[in-house]
Structure formats: structure tokens, C-alpha cells
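S.K.: Below: one structure in C-alpha cells.
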Amino acid sequence: MTPSPNRRSVLRALGAGTLCLAAGTAFAGGIPAGLAWRLRGGRVFTQGRLEDRDVGIDGDGRIVLDDLTAATVAEVVDCTGRIVAPGFIDALADRAGGDSRVYEEYKLADGVTTALELHGGVADPGAYHFGESRRPHRINHGVGAKVMAVRALHSSVDARSRQIERALDGGALSVSHSIEYQPVGFPELLAYARIAARRTRPVVLHLRYSSAALELEGVREAVRLARESGAHVHIAHLNSTGGTFAPEAALDLLRAGRAEGLALTCCVYPYGFWATYLRSRRFDYGWRERYGLDFSDLEVVGTGERLTARSFAHYRQTGGVIVAVPDGTMDIRRTVDLPLREPFCLVGSDGGMKRASGPNTHPRGSGTFATAVRRAIDTGLGLEYILGVLTERPRALIGRPLDDRGRIAAGARADVVVFDPATIRNLGTAADPVKHSEGIDAVFVNGRPAYRAGVLEVAGVGIRGG
Ligand SMILES: [Zn+2]
């Protein structure tokens, strides 16, 4: 079931100061000497701190921070008691072939203004951006050069390397590979990482191993890749691959590599369980021993059905079935809270809602960012700290293509989320992951009200490297 936001409660949250002017009017011809929006009275996250101030948005969708008292304003939003922060940046989004309108709706409702598919991506980002630029988007979007897709197109490392160069020319934001799903030798990986280094794009890796016995070997390989290629190597979802069983040791390896001067980062999703396709190599022979789990521990995402040896065998042949392991399989205090205290760890969803109902995906697809904020407040990590994690760190990972986004600063693109720190949370579960996050009052994308009072608008643009 898709909850529809309660229009009246959101309007109330936005306050009595809201004027009844259609947003379209404000943007029809721009407002030369005035503001399109004034976000009044909120706690604003700017330059790493929360401070009380107003934020203006001009007719070009840029942030204005001057004295706003004299400005002509088309519409005022009362943000009293609310946090006004840069929209969250999901660097590890994954639409996984689902309905992109549903995918973008649930990202937006989770406070995300830019979702980048850097776990994978496509073989030809130029074609991707050409196609996507002709479609409406609720949020900003971008992709990596997906090595698995590149390898499917070409058989030699030389031809694959040329394709990766073309992908970077076409706007790829990263070079991305899932070594566990499609094992390749280190020399081939190194060839691609050297291209990424030359083009100052990160290599995003789903590591080679996720078992207790070998996970640290995967982390060591990532460190070696950074050392030998000179590339920035970013480890996708360290909590589920590489740092599940011995996160302290995995973080030690990353810390030591960074002390050597290597560019190493990682991300986590803030949940104590993982979910993936039953067809995945993760469920190849020996999985029960590898993870210490049994058939009955596996829950079909979207229905809650528990598996048996028989249904396991059946669904593994069927395809398209996603299963979740029990909550607590990953100790969230060690696998999520601990990495997030490091300056090199981001939050990435590794997901996205594929459909508005039914068997779908891990609740991280709809709720990663509200969950991360809630957890940071509840565990004492702190609101200011987590806002930096959700905005400044992905900006640093992506570099130039996000130069004018992800911060509340004069002249920056107005990608902004307004939320209530008392109520922000997500309610998604494995059985029912399709939930809008609570406590998100308004989201502006490129200065337009993309999510407000239950109304969703189209305001996103493509984010390209190159
Ligand atoms: Zn992965």
C-alpha cells in the first residue's frame, strides 16, 4: 500500500505564512528583483553547522542568503521548528530496471534530490542522458560506467577499456564493478581503475567476497587497487560486503590505506539486514554455512513468505524473487554506527523502489535517508554530523559535477529538504517496503517545489561527468 501524505497536515506543517500562489505563476517569467521562495524561520544546515536564518530561492532556482527582509517574495514557507538542509545525495541509488517514476517518487519523499546510480549504471551514459533528457524527472540523476555491461558488449580488455573511455566522455560519474557477481582478475580491474584515475572519477566496487572467511581479502584488494592505480576507490555497502563480520578490521585497513595517502571511501545503508535476488551468486552452494542462516530465515520481500528447501529451489529457478535475511543478521552498531563515525564513510541506499506495490525491494529503497537521520538523532551521533555525511561527503566523492549542489550557500542550486527532526523516520519493512518517509515537509529540486503538500512535481536534471 502506498500511503498518500495527509495534505492537511503537510499544509499545517508548512505554516500559516504560506501564501496561496500557484508555484507555476512564480516561475512563469521569473521574478527579476525578487525571490520565488523564502523559507522562513528554520534551523539551516550551512557550512557544517545548524543556525537560525532564512533561506531565499530566486527565480533561477539559486539560493540567496543576503538580508531577505526587503526582498519581494512570491511565496513564504514557515519553517519554524523545522530543519532546512541541502537535499540528500544518494550516490548508491539503484533503480534496478523498475518503474522510474515510482523510484524517483520514493527517493524524493525520503528527502533525496540527487540519486546517482554508481553501484552500476550503464555501458553508454551518453545514450542514457540523451534518452532521459527527453523524459520528466522528479530528482537529479546520473550513472556510472557499468563494467558488467561493458564486458557484455566487448570481449577484449582493450575494447572494454575503449568503451569505458567513451562512457566517461558520455558523462559517466564513476567506473563501477561488482566483482562478487562477475569475478574478473586483478589485472583487468587495474586496467579500468587506471582509466578512472586518469579521468579523476572514482572506482565504485562491490567487493569480491562477502563471507566471514574472505571478506577482509576483498577490502585488501580494494586498497591494493587504489595503491596501484592511483584511483579513488569507493567500497559499496561495506556493511553487507567487506565489513559484515569484522567491521573493525575492515575499517583499520581503510584507515591505514588513507594514512598512506590513498583515496579510499565506503558507504553503508542503515539497516541490520540485507536483501538480494535469490538468483544471486550469494545463494550459490554453501550459503547456509557462509552466512550461518537456514531456508526458514529467508523472507520474500513484499510478501513476507518464509522459505523452505522446496520453495527455495523453486524460486531460485523462477527468477525475480528478492529475499531478505533476518534483521540483526548484521549487527547495526558494529556494521553501520561504527563506520559512520569515520570521516570516509557515506550513506548510500544501494536500492530504489521498483514498483508501487507487491514483491519489490529492501526498504532501504524508500527509507535510507530518513532512517539515517532518525538513527543519528537517537544514537547520539548527532543531527549536524549526519547532515554532513548525507550531503558534504557525496559532494566530495563526486567532485566537480556537484560543485554547485549539496550545500546551502549563496548561488548554489536550490536542492533543499525541509523536515521535522522530531518526527522524521521511515516505516518500511521487508514485508511492506513501499512507504513514504514521515516528517519530510517539503523538497525543492532546482528551486522548484518537487514535493510539497502531497503534490509531486517534475524538476530534476541529469548530472554528468566528463
Ligand atoms: Zn552490491
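The values are calculated or read from the model by the stated rules, or taken from the named source; none is laboratory data. Every value quoted in this text rests on a predicted model; they were computed, and no experiment measured them. Counting neighbours? That spans all protein chains shown, and the Cβs are built from the backbone with ideal geometry, glycine included.
S.K.: For region 298-315, give me each residue that is buried (at least 17 other Cβ atoms within 10 Å of the Cβ) and in a helix (DSSP H, G or I). Write out each step before concluding.
M.R.: Restricting attention to region 298-315, the residues satisfying the condition of being buried (at least 17 other Cβ atoms within 10 Å of the Cβ) are 298-302, 307, 311-312, 315.
Within region 298-315, Ser311, Phe312, Tyr315 meet the criteria.
S.K.: Please state which of the following conditions Phe245 fails to meet, knowing it meets all the rest: (1) more than 16 Å from the ligand (Cβ to nearest atom); (2) at pLDDT 95 or above.
M.R.: (2)
S.K.: Something else now. Given Gly411, Gly466, Gly367, Gly406, which one is in a loop (DSSP other than H, G, I, E, B) and crowded, with 20+ Cβ neighbours inside 10 Å? Let's see the steps before the verdict.
M.R.: Details: Gly411 fails: crowded, with 20+ Cβ neighbours inside 10 Å; Gly466 fails: crowded, with 20+ Cβ neighbours inside 10 Å; Gly367 fails: in a loop (DSSP other than H, G, I, E, B).
None of the other options fit; the residue is Gly406.
S.K.: Could you pull out the residue among Gly302, Gly292, Gly319, Gly286 that is under 30 Å from Ile386 (Cβ atoms), of a type in the set (Gly, Ala, Ser) and not assigned by TED's automatic domain parsing to the domain that holds Leu92?
M.R.: Working: Gly292 fails: under 30 Å from Ile386 (Cβ atoms); Gly319 fails: under 30 Å from Ile386 (Cβ atoms); Gly286 fails: under 30 Å from Ile386 (Cβ atoms).
After ruling out the rest, the residue left standing is Gly302.
S.K.: Something else: Does Leu262 count as assigned to a loop (DSSP other than H, G, I, E, B) and away from the ligand (no atom under 16 Å from the Cβ)? Before you say what the answer is, go through the steps one by one.
M.R.: On the way: assigned to a loop (DSSP other than H, G, I, E, B): yes; away from the ligand (no atom under 16 Å from the Cβ): yes.
Taking the combined requirement at face value, the residue satisfies it.
S.K.: Does at least one position in region 181-202 carry a residue that is within 16 Å of the ligand (Cβ to nearest atom), in a loop (DSSP other than H, G, I, E, B), touching a Phe, Trp or Tyr at 6+ places or on another chain (Cβ under 7 Å) and not hydrophobic (A, V, I, L, M, F, W, C)?
M.R.: First pass over region 181-202, keeping only residues within 16 Å of the ligand (Cβ to nearest atom): 181-184, 189, 202.
Subsequent filtering for residues that are in a loop (DSSP other than H, G, I, E, B) retains 181-184, 202.
Okay, now just the ones that are also touching a Phe, Trp or Tyr at 6+ places or on another chain (Cβ under 7 Å), so none.
Looking for residues that are within 16 Å of the ligand (Cβ to nearest atom), in a loop (DSSP other than H, G, I, E, B), touching a Phe, Trp or Tyr at 6+ places or on another chain (Cβ under 7 Å) and not hydrophobic (A, V, I, L, M, F, W, C), one finds none in region 181-202, hence no.
S.K.: Now, a different point. In region 414-432, which residue that is in contact with a strand residue (DSSP E or B) (Cβ under 9 Å, 6 or more places away or on another chain), under 30 Å from Gly304 (Cα atoms) and surrounded by 24 or more Cβ atoms within 10 Å (Cβ to Cβ) is modelled with the highest pLDDT?
M.R.: Ile424
S.K.: Looking only at residues in region 122-136 that are out of contact with any helix residue (DSSP H, G or I) (no Cβ under 6 Å at 6 or more places or on another chain) and assigned to a loop (DSSP other than H, G, I, E, B), which one is farthest from Gln163 (Cα to Cα)? Break it down stepwise before answering.
M.R.: Initially, region 122-136 is screened for residues out of contact with any helix residue (DSSP H, G or I) (no Cβ under 6 Å at 6 or more places or on another chain), giving 124, 126-136.
Still in the list and also assigned to a loop (DSSP other than H, G, I, E, B): 124, 133-136.
Values: Asp124: 8, Ser133: 22, Arg134: 24, Arg135: 25, Pro136: 28 Å.
Ranking the qualifying residues of region 122-136, first place goes to Pro136.
S.K.: Could you say whether any residue in region 38-45 is assigned to a loop (DSSP other than H, G, I, E, B) and either in contact with a helix residue (DSSP H, G or I) (Cβ under 7 Å, 6 or more places away or on another chain) or buried (at least 20 other Cβ atoms within 10 Å of the Cβ) (or both)? Break it down stepwise before answering.
M.R.: Step one: filter region 38-45 for residues assigned to a loop (DSSP other than H, G, I, E, B), giving none.
Within region 38-45, not a single residue is assigned to a loop (DSSP other than H, G, I, E, B) and either in contact with a helix residue (DSSP H, G or I) (Cβ under 7 Å, 6 or more places away or on another chain) or buried (at least 20 other Cβ atoms within 10 Å of the Cβ) (or both).
S.K.: I've got another one for you. Glu104: surrounded by fewer than 24 Cβ atoms within 10 Å (Cβ to Cβ) and more than 16 Å from the ligand (Cβ to nearest atom), yes or no? Full working, then the answer.
M.R.: Details: surrounded by fewer than 24 Cβ atoms within 10 Å (Cβ to Cβ): no; more than 16 Å from the ligand (Cβ to nearest atom): yes.
Criteria not met by Glu104.
S.K.: Hey, can you tell me all the residues within region 265-297 that are part of a strand (DSSP E or B) and either more than 15 Å from the ligand (Cβ to nearest atom) or at pLDDT below 90 (or both)?
M.R.: Initial filter on region 265-297 (part of a strand (DSSP E or B)): 265-268, 275-277.
Matches in region 265-297: Thr265, Ala275, Thr276, Tyr277.
S.K.: Which of the residues that make up region 203-222 are among the hydroxyl-bearing types (Ser, Thr, Tyr), touching a Lys or Arg at 6+ places or on another chain (Cβ under 9 Å) and within 14 Å of the ligand (Cβ to nearest atom)?
M.R.: Our first condition is that a residue be among the hydroxyl-bearing types (Ser, Thr, Tyr); within region 203-222, this holds for 209-211.
Still in the running and touching a Lys or Arg at 6+ places or on another chain (Cβ under 9 Å): 210-211.
Result: Ser210, single match.
S.K.: Hey, can you tell me all the residues within region 275-286 that are of a type outside the set (Asp, Glu) and surrounded by fewer than 18 Cβ atoms within 10 Å (Cβ to Cβ)?
M.R.: Quick first cut of region 275-286, residues of a type outside the set (Asp, Glu) only: 275-283, 285-286.
Across region 275-286, the qualifying residues are Arg279, Ser280, Arg281, Tyr285, Gly286.
S.K.: Which ones in region 193-249 are acidic (Asp, Glu) and either free of Cβ contacts under 8 Å to residues at least 24 places away in the same chain or not assigned by TED's automatic domain parsing to the domain that holds Gly348 (or both)?
M.R.: Keep residues of region 193-249 that are acidic (Asp, Glu), which gives 215, 217, 221, 228, 248.
Across region 193-249, the qualifying residue is only Glu217.
S.K.: Oh, and also: Just checking, how many residues over region 227-242 are surrounded by 24 or more Cβ atoms within 10 Å (Cβ to Cβ) and more than 16 Å from the ligand (Cβ to nearest atom)? Working first, answer last.
M.R.: Going through region 227-242, the residues surrounded by 24 or more Cβ atoms within 10 Å (Cβ to Cβ) turn out to be 231, 233-242.
Okay, now just the ones that are also more than 16 Å from the ligand (Cβ to nearest atom), so 231.
Of the residues in region 227-242, 1 are surrounded by 24 or more Cβ atoms within 10 Å (Cβ to Cβ) and more than 16 Å from the ligand (Cβ to nearest atom).
S.K.: Just the residues that are of a type outside the set (Lys, Arg) and more than 28 Å from the chain's Cα centre (by Cα), please, taken from region 306-323.
M.R.: First, pick out the residues of region 306-323 that are of a type outside the set (Lys, Arg): 307-309, 311-315, 317-323.
Once the filter is applied, which keeps residues that are of a type outside the set (Lys, Arg) and more than 28 Å from the chain's Cα centre (by Cα), region 306-323 yields Leu307, Thr308, Ala309, Ser311, Phe312, Ala313, His314, Tyr315, Gln317, Thr318.
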